[in-house]
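Taking it in order: structure first as structure tokens, then the write-up.
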Amino acid sequence: MDFKKLTLFEGIKRRVDWLNQRQKVLSENIANADTPKYRARDLKEIKFRDALNDSVDRVNIRTTDPKHISKGRAGAGANREGPERKPYETAPAGNAVVLEEQVMKVSDTTVNHKLMTELYKKHLGMLRTATGRR
């Protein structure tokens with residue numbers, strides 16, 4: 001059995017990949033905290049609704065009754081991004097990196113990474129138990 005093809009494990013892998021990329025971007029922000037005119041960057045958050053829509057698009061859904069829920073019933077504009085946040089502190093040299101904010105984001109990313117690895121381990125253990133491979 002290839003665990004990479006299971007939707008749950010694929011979702012966890014995507015989230016861990018995103019968290020790794022975010023950690024890299026945040027470390028670049030911290031490294032450039034004294035660079036003139038540098039603006040802090042961050043990755044666009046992966047929304048659960050987007051991941052769900054991606055997995056639903058791969059499944060051929062057929063409605064046989066008008067009361068069935070179809071793919072097109074989601075609210076229009078549900079996935080819109082909010083306005084870009086302006087930095088609330090800017091140094092005289094034009095640098096907009098707030099170290100406290102970046103450290104909080106790094107900490108949040110680390111906690112989420114640990115959560116995803118624990119979730120992966122638990123589900124892998126449940127599958128091993130279900131298949132009798134423990």
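The values are calculated or read from the model by the stated rules, or taken from the named source; none is laboratory data. Computed from a predicted structure; not experimentally measured. We place every Cβ from the backbone using ideal geometry, glycine too, and count neighbours over all the protein chains shown.
A few comments on the model shown:
- Some residue of the range 79-90 being in a loop (DSSP other than H, G, I, E, B), at pLDDT below 70, β-branched (Val, Ile, Thr) and surrounded by 14 or more Cβ atoms within 10 Å (Cβ to Cβ): yes
- Look at the range 97-114: where a residue is touching a residue at least 60 places away in the same chain (Cβ under 8 Å) and among the basic types (Lys, Arg) and a partner is part of a helix (DSSP H, G or I) and surrounded by 17 or more Cβ atoms within 10 Å (Cβ to Cβ), sitting 6+ places away or on another chain with Cβ atoms under 8 Å, you get LYS105/ARG22; LYS105/LEU26.
- Picking from residues in the range 25-42 that are without any contact (Cβ under 8 Å) to a residue 24 or more places away in the chain and over 11 Å from VAL106 (Cβ atoms), the one that is surrounded by the most Cβ atoms within 10 Å (Cβ to Cβ) is GLU28.
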